[in-house]
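Undergrad: Take this structure, written in structure tokens, and hold onto it; I'll ask about it next.
What follows is calculated from the coordinates using simple rules that are stated; it is not laboratory data. Owing to the predicted nature of the structure, the values given are computational and were not obtained by experimental measurement. As a convention, Cβ positions derive from the backbone with ideal geometry for all residues, glycine included, and neighbour counts pool all protein chains shown.
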Amino acid sequence: MLKKSAANVAGLVLALFFLFPTYWMITSALKPKGSTITSDYDLVPFSVTMSNFVTAWTKPGFLSSLGNSLMVTLTAVLASIIVGITAAVAMSRFSFRGRKSFVLLMLVAQMAPFEALLIPMFLMMRDLQLYEHLTSLVLVYFAVTLPFCAWTLRGFVNGIPIELEEAAMVDGCGRWGAFQKVTLPLLGPGLVATSVFAFITAWNEFLFAKVLIRSQDRETLPVWLSGFQTAFGTDWGGAMAASVLFTVPALVFFLIVQRKMVAGVTAGAVKG
Amino acid sequence: MTAVKTTETAAPAGGKTPPALPPAVTGGARKRRRRGGAFDRALPYLLLAPALIAILWLIGFPVVSVFVTSFRKLNLGELVRGEIVWTGLDNYVAVLQDERFWTVTLRTVVFTVAVVGVSVGAGLMIALLMRKLSGWVRVALQVTMLCAWAMPILASATVYIWMFDQNYGILNKTLVQLGFEQFNGHSWFGSGTSTLAVVGLLIVWQAIPFLAFSLYAGVLGVPRDLYEAAGIDGATAWQTFRAVTWPEIKSLLMMVTFLSTLWDFKVFAQIWVFKEGGPSGESTTLAVMQYLEGIAKSHFGVAAAISVLMMIILGLITFQYLRKLLQTEEGKI
């Protein structure tokens, strides 16, 4: 089976290619100060320390930007999920005039090129006196994630047989009771998956965070990290430790829904 | 009437939020028993209201506003004084007559085509390769791809800048170890092309996992007996791919290519953190140019014109994709 082993070798080489930056980030973060910037060839760390993490953690701005990022991201995602789920239920469970146009609007809104709306967003936030306020970022991230959340949740609600709700209503539940006791629990996994994607989108966002917030105590983690050369100079160990700390929440959330992502992409697509 | 549509329980993937395409717009409406009451009839609209208001306010209004702004002279002075100065097509004339704009547009298009081509091509190869791997190698490859995918853009960009560092970067050190002395102190960010190549590598590296995973799922959807039949008929690997795999994954491949094009065309963060569009503007793309004109120079009207031109290009790509989609699906949607 020469062919199979050739394929395996190629697979391992590719795995190294994908792993290396992560490996390099972590090992650079673990190297003691002074041994990161060296002309020696140091593919494997000679000694290991946690001091870079302490440096990054205590850097001015790290904790506040971490807090800002968490606050903005979680608020926006929560709002998107709540508004998204009401819209999803309306689109999926009711028939009414204009339903189709609304579904279409959701679909089109998902494709809105937000980067190209930078200027009007900036002007609008300025007019609303929200420039330099984290509220402006919450609003933008809410807008970016809402169509996606509503659309995806609609798919999940569609997947729950309406008969279950009807049965509950026959048994004496009100419409709200039936939704709350039957549909909502079944929607759990869908809610988790959707909110994780929304989370990662907002967690990553850089352009609006850079434009709408100028003052340092309000900036989010991506913007803080983009100025790492001001914060760390040539302290690459510290910069790598900060990158690790930035990656951990995203990676944890990512692993939660890993399976759903792969199944989900194809579910809607491989019909033709 | 109450058939359950399982095909739409999709949670599309990606660090960004990809739209779940192609859409099955029809269906899904469950007829409820009419129950006359005014509240019941108003209920769906009440449920939709928050989302509708949010979309019209936070997406619809900016879209209109970007067009309106592009016909105004709006620099810092006008903004502070609150003046409204209409200039007709002046902003567009200024942009379209600017040689830099055409250079940047061409650069953006070439960059997008290269990044999309390489990442989709590599994603497809890896998807096909994964089928042939032993179990543990496949798992190893998938886990490492997940790591790359999950890394926040700013973190991965910082790591790449460090790896490609002129004096202490591991890449230059490795190349010197391998005997390529000329890379000792080689600056990867000395020219626009070289900078964009590194940025492109970063984007490709992070884009491949999504592409490979979704295409792999598509490849897995191909019935096994088709491959067996092809094997019995003595088809070569290429013939098998053309006749068996290709028809099954064509629409999926088209979709991910389309999505990648939309994403890569608008890339800002990666390009900005590497060199801020430099050296001397040589790695500036349309997204960066829009930022520089609008936010850095406070020429909001001109920047809005660039935004509109970007939207037109993206709109044309979307239109082409949807047209192709409708052709291949023969109006099934």
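Undergrad: In debye, nearest 20: dipole of the range A:63-270 around its Cα centre with unit charges on the Cβ of K, R (+) and D, E (-)?
TA: Value, rounded to 20: 480 debye.
Undergrad: I've got another one for you. Compute a Gaussian network model of chain A, connecting alpha carbons closer than 10 Å, and tell me which residue from A:Phe53, A:Phe148, A:Phe102 fluctuates the most.
TA: In the Gaussian network model the winner is A:Phe102.
Undergrad: So for B:Tyr216, B:Tyr291, fewest C-beta neighbours within 10 Å to most, what's the order? Please list the in-between numbers first.
TA: Values: B:Tyr216 23, B:Tyr291 26.
In order of increasing Cβ crowding within 10 Å: B:Tyr216, B:Tyr291.
Undergrad: Which one of B:Ala155, B:Ala304, B:Ala287 has the biggest mean-square fluctuation once chain B is modelled by GNM with Cα springs under 10 Å?
TA: B:Ala155
Undergrad: Treating only the Cβ atoms of Lys and Arg (+1) and Asp and Glu (-1) as charged, compute the dipole magnitude of the protein assembly as shown about its Cα centre; round to the nearest 20 debye.
TA: With Lys and Arg at +1 and Asp and Glu at -1, about 1800 debye.
Undergrad: Something else now. Say we join alpha carbon atoms closer than 10 Å with springs in a Gaussian network model of chain A; which of A:Ser92, A:Ser35, A:Ser64 then has the biggest fluctuation?
TA: A:Ser35
Undergrad: Return a single number: how many Lys pairs in chain A, at a sequence separation of 8 or more or on separate chains, have alpha-carbon atoms below 22 angstrom apart.
TA: Close lysine pairs found across chain A: 5.
Undergrad: Treat the count of other C-beta atoms within 10 Å as a stand-in for reagent exposure and order A:Met125, A:Met240 from fewest to most.
TA: A:Met125, A:Met240
Undergrad: Figure the gain on full extension for A:Phe46 and A:Asp217 (residue separation times 0.36 nm, minus the Cα-Cα span) and round it to one decimal in nm. Mind dumping the intermediate values first?
TA: Numbers: separation 171, 0.36 × 171 = 61.56 nm, distance 3.70 nm.
That pair, A:Phe46 and A:Asp217, stretches by 57.9 nm at full extension.
Undergrad: Taking the Cα atoms of the protein assembly as shown, report the difference between the largest and smallest coordinate on each principal axis, in whole Å and largest first.
TA: 81, 77, 49 Å, listed from the longest principal axis down.
Undergrad: May I have the count of lysine pairs in the range B:174-333 with C-alpha atoms under 28 Å apart, counting pairs 8 or more residues apart or located on different chains? Show your work: numbers first, answer last.
TA: Values: B:Lys250/B:Lys266; B:Lys250/B:Lys324; B:Lys250/B:Lys332; B:Lys266/B:Lys275; B:Lys266/B:Lys297; B:Lys266/B:Lys324; B:Lys275/B:Lys297; B:Lys324/B:Lys332.
For the range B:174-333, the number of qualifying lysine pairs is 8.
Undergrad: Note down the magnitude of the dipole of chain B about its Cα centre, charges +1 on Lys and Arg C-beta and -1 on Asp and Glu C-beta and zero elsewhere, to the nearest 20 debye.
TA: In debye, rounded to 20, chain B gives about 1420.
Undergrad: Pick out, from A:Phe46, B:Gly281, B:Gln270, the residue whose Cα sits farthest towards the positive end of the charge dipole of the protein assembly as shown, with +1 on the Cβ of Lys and Arg and -1 on the Cβ of Asp and Glu.
TA: Going by the Cα projections, it comes out as B:Gln270.
Undergrad: Using Cβ counts within 10 Å as a stand-in for footprinting exposure, how do B:His299, A:His133 rank, fewest first?
TA: So the ranking, lowest neighbour count to highest, is A:His133, B:His299.
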